[in-house]
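> Input: one structure, supplied below.
The values are calculated or read from the model by the stated rules, or taken from the named source; none is laboratory data. None of the values given here were measured: they were computed from a predicted structure. With ideal geometry, Cβ positions are generated from the backbone for all residues, glycine too; neighbour counts draw on all protein chains shown.
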Amino acid sequence: MNEPLAVCLCCTYGRPTELGEAVKCFLDQDYENKHLIISNDQEGVILKMEDLPQNITIVNHPKRFSSLGEKRNAIKCQMEADYYFVWDDDDLYTPWRISKSIDIFESRDHLDILKASHAFMSTHNTSYKIVQNLFHSQACISKEFMDKNDYPEKSVGEDMDFERKARIQSMNDMPLLWYVYRWGMDVHHLSGIANEKESWERSLLFEPYNQVQGEVIIKPEFQRDYWTDIEKTLHPNHAEIWRKQLNEKS
């Protein structure tokens with residue numbers, strides 16, 4: 001039996017180093033039938049990868065979208081999938097993120113979106129803690145729900161509005177932690193601004209973004225060993241589970 005096709009949707013803007021880490025997380029997945037779509041709408045910037053794998057597509061838009069919701073709607077139409085995964089450009093995903101999600105999803109009935117109830121949160125890429133939060137960025141979304149629903153054309157809360165009609169299940173077992181939400185790192189986060197119009201336009205004025213121009217080569221690599229960093233912060237029992245999973249996937 002063929003594996004369902006998992007399509008990962010990565011909206012990016014002005015963060016080539018962080019994007020390279022997100023791409024590495026994709027390449028390290030223990031799931032074979034996967035495809036990553038990267039949507040870049042930073043004007044004057046062309047993203048490329050050397051020896052681009054066949055299962056990665058980079059779409060460079062000549063003009064910026066009017067909202068994050070519009071951008072999410074455009075990227076989800078790029079390819080038909082059995083399951084869709086939100087793959088934010090500045091966060092990290094464990095090697096079992098896709099496989100665990102699909103295994104659980106296919107064992108449940110009447111489900112639109114699957115998430116883990118907890119995730120790691122990193123502040124300034126230096127400290128880690130486990131938080132209870134159903135981040136949209138760790139969602140596994142069914143084809144049926146994605147086909148029938150669009151994101152509202154707004155830039156704050158578009159993810160929450162998108163999920164309102166969904167039948168969502170969250171899992172809370174320690175081994176199912178598969179997402180690292182990274183806050184800070186001297187990059188601008190759309191979700192950190194309350195005013196929608198200000199949020200979308202402020203990134204245009206954010207200096208590090210404007211330093212990225214022309215043709216940019218994305219390098220799929222980590223800046224350091226994040227998984228070992230996380231292990232050091234865990235309770236010994238959890239650290240043992242974490243280490244075992246990583247060893248199984250390596």
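> Taking the condition hydrophobic (A, V, I, L, M, F, W, C) and touching a helix residue (DSSP H, G or I) at 6+ places or on another chain (Cβ under 9 Å), does Ile56 pass?
Spelling it out, Ile56 is indeed hydrophobic (A, V, I, L, M, F, W, C) and touching a helix residue (DSSP H, G or I) at 6+ places or on another chain (Cβ under 9 Å).
> I'd like to verify a number: residues in segment 1-59 that are of a type in the set (Phe, Trp, Tyr) and modelled with pLDDT of 95 or more, how many?
Result for segment 1-59: 2.
> Residue by residue through segment 43-73, note down the ones that are touching a Ser or Thr at 6+ places or on another chain (Cβ under 8 Å) and surrounded by 18 or more Cβ atoms within 10 Å (Cβ to Cβ).
Leu47, Ser67, Leu68, Gly69, Lys71
> Report whether or not Phe65 is over 23 Å from Met171 (Cα atoms) and among the aromatic types (Phe, Trp, Tyr).
For Phe65, the condition - over 23 Å from Met171 (Cα atoms) and among the aromatic types (Phe, Trp, Tyr) - is met.
> Moving to a separate point now. Restricting attention to strands (runs of 3 or more DSSP E) lying wholly within segment 1-75, give those where 1 or more residues are farther than 21 Å from Val216 by Cα.
Counting at least 1 such residues, we get 6-12, 34-40.
> Taking Asp150 as meeting all but one of (1) touching a residue at least 60 places away in the same chain (Cβ under 8 Å); (2) surrounded by 15 or more Cβ atoms within 10 Å (Cβ to Cβ); (3) under 27 Å from Gln223 (Cα atoms), write down the number of the exception.
For Asp150, the failing item is (3).
> Every residue in segment 91-135 that is assigned to a helix (DSSP H, G or I) and surrounded by fewer than 18 Cβ atoms within 10 Å (Cβ to Cβ), please.
Listed by number, the residues that qualify are Asp103, Ile104.
> Output the number of residues of segment 112-155 satisfying the condition of being of a type in the set (Lys, Arg) and under 16 Å from the mean Cα position of the chain (by Cα).
Count: 1.
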